[in-house]
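**Q** Have a look at the structure that comes next, please.
Derivation of every value follows stated rules applied to the coordinates shown; laboratory data play no part. Predicted, not measured: the structure shown is a model, and the values here were computed from it. Methodologically, a virtual Cβ is constructed for each residue, glycine included, from the backbone with ideal geometry; neighbour enumeration extends over all protein chains shown.
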Amino acid sequence: MTAATDLRPAAGAERARRRAGAGPARHFRRQWQLWVMVAPAIAFVAVFAYVPMYGLQLAFREFDFAAGLAGGDWVGLKYFRQFFESPQFWTLIRNTVVISVSTLVVGFIAPIALALLVNQVLGRRRKQFLQTATYLPHFISVVVIVGMLQVFLSPSSGLITRFVGLFGVEGANFLGSATAFVPVYVISDVWQHAGWNSIIYLAALAGVSPQLYEAARIDGAGRFSIIRHIDVPALAPTMIVLLILNMGQVLNTGFEKIFLMQNPLNLEVSEVIATYVYKIGILSNQFSYATAIGLFNTLINFAFLVVANQIAKRVSNTSLW
């Protein structure tokens with residue numbers, strides 16, 4: 001009797017180990033169709049996101065063309081110190097933060113306001129027309145957008161420049177002005193992407209029960225009251241998640257657009273980390289130095305993402321993890 005009693009815990013532990021070992025195999029057998037569907041996405045992320053991380057060691061090595069990525073001499077934090085001690089360090093940080101934060105704030109509010117506006121439009125055709133009109137700029141190439149800006153903001157023949165001239169501002173050079181570069185960049189970026197970014201907010205509003213709107217109207221609520229007490233609370237979780245994701249890109253500005261808009265007249269405010277890395281790494285062949293700057297940029301973005309997630313988790317109980 002004692003021997004049988006002693007064998008029971010051992011047998012139970014053995015069965016638990018078997019169930020634990022068979023768990024993943026059983027899961028894959030049952031859900032293999034879903035894993036097959038998601039396999040291309042996993043492969044894409046692995047090839048283009050994780051495999052290139054092998055080259056991060058270049059930030060700590062002296063790059064040697066003959067030795068390859070891992071064959072150069074180990075120099076530690078040499079290139080990080082070189083960047084921190086560079087005369088352009090604070091200028092790059094200032095320009096990047098100003099452009100990124102301005103775009104983040106305005107570009108975060110504009111899609112929400114647009115979604116709330118579209119949601120209040122009566123009539124299916126009117127709503128579809130408004131949605132289509134605001135989505136279209138998203139599909140315009142960045143090169144075309146910058147070309148349009150150069151045409152519209154030309155000091156001699158630009159349509160917007162001539163319109164501003166009616167109010168006494170003659171020959172304004174918006175693209176060549178250091179003070180006008182950030183507003184032009186932010187406004188054009190919001191115009192291009194606000195409609196597309198509002199889709200996710202419109203999807204969240206589509207999940208609101210029509211009975212809430214009917215009850216609010218019966219109680220005498222106007223449009224602003226409905227937006228305040230029904231629409232905004234419905235959008236709050238989506239807004240928080242997207243804000244956290246955007247905080248992970250605080251120092252990531254649009255390289256292509258800024259690079260195309262740059263000229264010697266606005267370089268003091270348009271030179272950001274992304275364009276500087278391109279010029280240092282590709283044009284000047286300082287690959288190790290450029291890798292160190294890019295890694296520093298990524299680490300700062302990751303820190304912002306983690307901090308924003310923790311703050312949102314404590315304040316609103318909504319977070320990514």
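**Q** Below 8 Å, C-alpha to C-alpha, sequence gap of six or more: please give me the relative contact order for segment 165-321 in percent.
**A** 26
**Q** Within 14 Å, Cβ to Cβ, of M261, how many net charges do the neighbouring residues add up to if Lys/Arg are +1 and Asp/Glu are -1?
**A** Net local charge, M261 excluded: -3.
**Q** Using alpha-carbon pairs under 8 Å, 6+ residues apart, how would you state the relative contact order of segment 133-208 in percent?
**A** 34
**Q** Moving on. Roughly what would the spin-label model give for V106 and F255, points 7 Å off Cα along C-beta, in nm?
**A** Roughly 2.4 nm, to one decimal.
**Q** Also, quick follow-up: Under a GNM of the chain (C-alpha, springs under 10 Å), which listed residue has the highest mean-square fluctuation: V269, V97, V208?
**A** Taking springs between Cα atoms under 10 Å, the residue moving most is V208.
**Q** Lys/Arg Cβ at +1, Asp/Glu Cβ at -1, dipole of segment 88-316 taken about the Cα centre: which of L242, Y201, V186 is farthest positive-ward?
**A** The listed residue farthest towards the positive side: Y201.
**Q** Explain nothing, just compute: Karplus ³J(HN,Hα) = 6.51 cos²θ - 1.76 cosθ + 1.60, θ = phi - 60°, for every residue of segment 282-287 in order, whole Hz, x for Gly and Pro.
**A** 8, 6, 9, 6, 9, 5
**Q** Net charge near Q131, counting Lys/Arg +1 and Asp/Glu -1 over other residues with Cβ under 13 Å of its Cβ?
**A** +4
**Q** Now, a different point. Using amide H atoms built in the peptide plane, which far-off residues or other-chain residues are under 5 Å from V75 H to H?
**A** For V75, the qualifying residues are R61, E62.
**Q** Going by how many other beta carbons lie within 10 Å of each one, how would you line up T132, T298, fewest first?
**A** Exposure proxy ranking, most exposed first: T132, T298.
**Q** Further question on the same structure: Stretch I199-S284 to full length: gain in nm at 0.36 nm per residue minus the Cα-Cα span?
**A** Answer, rounded to one decimal: 26.5 nm.
**Q** How high is the relative contact order of the chain, given as a whole-number percent (alpha carbon pairs under 8 Å, six or more residues apart)?
**A** Contact order relative to length: 22 percent.
**Q** Report the extension gain between V38 and W74 in nm, rounded to one decimal, defined as 0.36 nm multiplied by the number of residues separating them, less their alpha carbon distance.
**A** 9.1 nm
**Q** Could you tell me the center-to-center distance, by alpha carbons, between segment 83-97 and segment 229-287 in angstrom?
**A** 15
**Q** Note down the net charge around A203, summing +1 for each Lys or Arg and -1 for each Asp or Glu among other residues with Cβ under 15 Å from its Cβ.
**A** Here the count lands on 0.
**Q** From the phi angles alone, apply the Karplus equation (6.51, -1.76, 1.60; θ = phi - 60°) to segment 189-204 and give each ³J(HN,Hα) in whole Hz, x where the residue is Gly or Pro.
**A** 5, 5, 4, 6, 10, 4, x, 5, 5, 7, 4, 5, 6, 5, 5, 5
**Q** Order these by the 10 Å Cβ neighbour count, fewest first: W196, W32.
**A** W32, W196
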